[in-house]
Structures are given as C-alpha cells and as structure tokens.
Amino acid sequence: MTLFKRFSVITLLSLLISQSCSKKNPIAPELPPVYHQDGDVAKVMFNRPDGVNIVFLGDGFTKEDLKENGKYDSLVRKLTNFFFTAEPFKQYKNYFNVYQVYAESKVRGAANTYTPDRTKFDAYFGTVNGRDLRNGNFDASLQYAVKAVSFYEISLLVMLVNDDRYGGTGGSIATVSSDQWAQYTFLHEAGHTFAGLADEYVEDSIANNYPVSMLPYLPNVDNTSDLAKIKWAHLLEHQAYRPVVGAYEGAYYRKQGIYRPEVTSIMKDINVARFNAPSREAIVRTIHSRMGLPFDLNAFIKDDARNVQSISAAPSLQIPPLQHDFIDLKQRVTDLHNLRHRDASRK
C-alpha cells in the first residue's frame, strides 16, 4: 500500500471514529437564563431568626437585569460585602440577615423629576443634575419590603436604583444609585437611616433646612467644644480615644459653632470608609436595641478601642457631598426614638 493510500485510510477511520463519538457524546445545549419574577424574595445572608434585618429593593431594573446572578444580584452582593467590612457592622455581622426583593420596572434609571409610574417605585433626582436621589412611592416600597419580613422587623430598608449617576438619600429609606461609588454612598446613607447620624460636612446653602433644635437627637454632632460637656465626653475618659476623638469645628452643614468628633469619617467625606467613635457607639446601641439586648458601655469600649484610627485628612480623591441627603430628618429620628423605646419594652 502506498504512503498516500495508507494516509487516506487513516484519515477516513479518524473521521468515522470522530462522528461516532460525537453521536454518543453530543454537546449539551446551552440552558436558557433563569429570571427572578417580580415580587420574588431571596435571602442574601441569614444568621438568625431574631436578627437585625436589612431589606434591599431595586428600582429601574428591567427583566434582563433580574437575571439570576445578573446586575441586580451582583450589585446587592457588592453593597452587602462592603457594608460588612466597616466597623462596627463587621464585628456584628452574625447578628444580621439580608434580604432582597425583586421588582421589575419598564425602563432603567431614575427620572430627573418626579414622574409617576415610570419605574416600579418612581425613583427620581430631587433637582435636575442634583445628587439627592429619592424614592417616589413610599407605599409601594413598603408593600414590596414586607414580602421579606414584617414592617417592624425591618431595621434598614434600602432602595438600590439602577442609575449610574452619583446620588443617594437617607431617611426612612436609604436610597443609593448604582454608580461607581455606590458602596460608599450606601454606608453613608445607612448611617442616617440605621442610627440617625448627622452629616458632618459643611454646606451653608442648605443649613437652614436642618434646624439646630435637632442637635440633641443627633449622636455625632454637638454645639459645644467643651470636652467635659460634649456628647462623647464619656469616651474621652478612656486613653484609647484621646489622641483621635475631640471637638472639630464644622459639621451639620455649618462652618462655625457645630462640632464633629474626629477629623473625618464617612459622615463627612464619603470616600472614608469608616465611622467615628461616637457613630460606632450609636450603631452598636441600635443593634442592641433591635435585638432586645442591654447595652453595656464598658463592654463596648473594650471591644471598640481597637477601631480607633487617626486620619489626618480624607484621601486625596474628593467626592462632593450628596446634598439634601438626610430627608425627613425630624421624622426619621423620631421614628428611631420610638423604635428604641418599643424595643426596650421587649426586654
């Protein structure tokens, strides 16, 4: 047999074997994507039935965005993971449950002004090209939120809006866009919504919208620089806090006469992914309240002292303040006050 004929026979046999194998082992067809349905609920993280519950809602997410492991799922995981890198949430992670509720909108993104029935929850920016991203339909939001847990079991309700413009607000609902700074915005707005923390940045143009009469209810700002009388004086009795915690003028939108506890924190500079000491205390007090547990100041200080960190200034990359981002401040701090009293009565 010539070399050419031998090669042809081998080639023919190889083709026959290949075809035979392909029939026995056909390539599996690609499975169609799985989509979450409007109103579905998923447990992102679950630790305990009596835990502190965070509930995510999504607005401006179309059917394609609700694909399993799609954009909405990915964003919720991103925000959740970042949230629990910040103290004291990191330390208390095992006290929390996180849920997400799926809601399908007709179009993506937030409106530039309030536009009813555009998306599921009518998210919009309060001013054109502004940064105050708002929830436009509170009733519909609650109707979806309680698909996860009952209203009084929700400790932090978050509206994640599918819009790549920078924006957010805090209040009864923490609202945040899907832009590149979303995880920082979420942490900042959670400070407002979860623990009633005040903004620590200066913005004279909006100061008159936030009365000084609210100061007694805001744990991280004060109108005295006397370290023996300031709200966080009890922390200054401990050596660990003295190099960092003090009275730094400029907070609650006012350049003069109002003081913050540390040079910076996420309530002042949104690219600083940490809370200052009095804010951490307020958060831990809220966690204990929602769990129906007594708060032990000495135990808190023993655990928290390791979190004291001196930061002389914010990182060089500056992000503008959100502006008008603590909406309905009086109502929210009143609600938190009432919730703490209700939780205390459970003990």
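The values are calculated or read from the model by the stated rules, or taken from the named source; none is laboratory data. Because the structure is a prediction, the values reported are computed rather than measured. Virtual Cβ from ideal backbone geometry, glycine too; neighbours counted across all protein chains shown. Heads up: the accessible areas ignore ligands, DNA and RNA and are worked out on the full protein's heavy atoms, side chains in. Shrake-Rupley method; radii C 1.70, N 1.55, O 1.52, S 1.80 Å.
For residue 187, state whether it is buried (at least 22 other Cβ atoms within 10 Å of the Cβ), part of a helix (DSSP H, G or I) and over 24 Å from the mean Cα position of the chain (by Cα).
no
This table checks each residue for (1) buried (at least 16 other Cβ atoms within 10 Å of the Cβ); (2) under 24 Å from the mean Cα position of the chain (by Cα); (3) at pLDDT 95 or above; (4) of a type in the set (Ser, Thr, Tyr).
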{"position": "194", "(1), (2), (3), (4)": "yes, yes, yes, no"}
{"position": "205", "(1), (2), (3), (4)": "no, no, no, yes"}
{"position": "219", "(1), (2), (3), (4)": "yes, yes, yes, no"}
{"position": "232", "(1), (2), (3), (4)": "yes, no, yes, no"}
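Regarding the range 315-333, can at least one residue be identified that is in contact with a strand residue (DSSP E or B) (Cβ under 7 Å, 6 or more places away or on another chain) and among the polar types (S, T, N, Q)?
no
Check residue 12 against each of (1) at pLDDT below 50; (2) within 21 Å of residue 160 (Cα to Cα) and name the one condition it does not meet.
(2) is the only condition that residue 12 fails.
What's the total number of residues in the range 321-336 that are at pLDDT below 80, farther than 20 Å from residue 275 by Cβ and not polar (S, T, N, Q)?
Qualifying residue count for the region: 1.
Taking the range 95-150 only, how many residues are open to solvent by less than 30 Å² (accessible area, probe 1.4 Å) and either in a loop (DSSP other than H, G, I, E, B) or touching a helix residue (DSSP H, G or I) at 6+ places or on another chain (Cβ under 6 Å) (or both)?
Final tally of qualifying residues: 17.
Would you mind finding the one in 90, 43 that is under 18 Å from residue 144 (Cβ atoms) and either of a type outside the set (A, V, I, L, M, F, W, C) or assigned to a strand (DSSP E or B) (or both)?
Numbers: 90 fails: under 18 Å from residue 144 (Cβ atoms).
Just one listed residue meets the conditions, 43.
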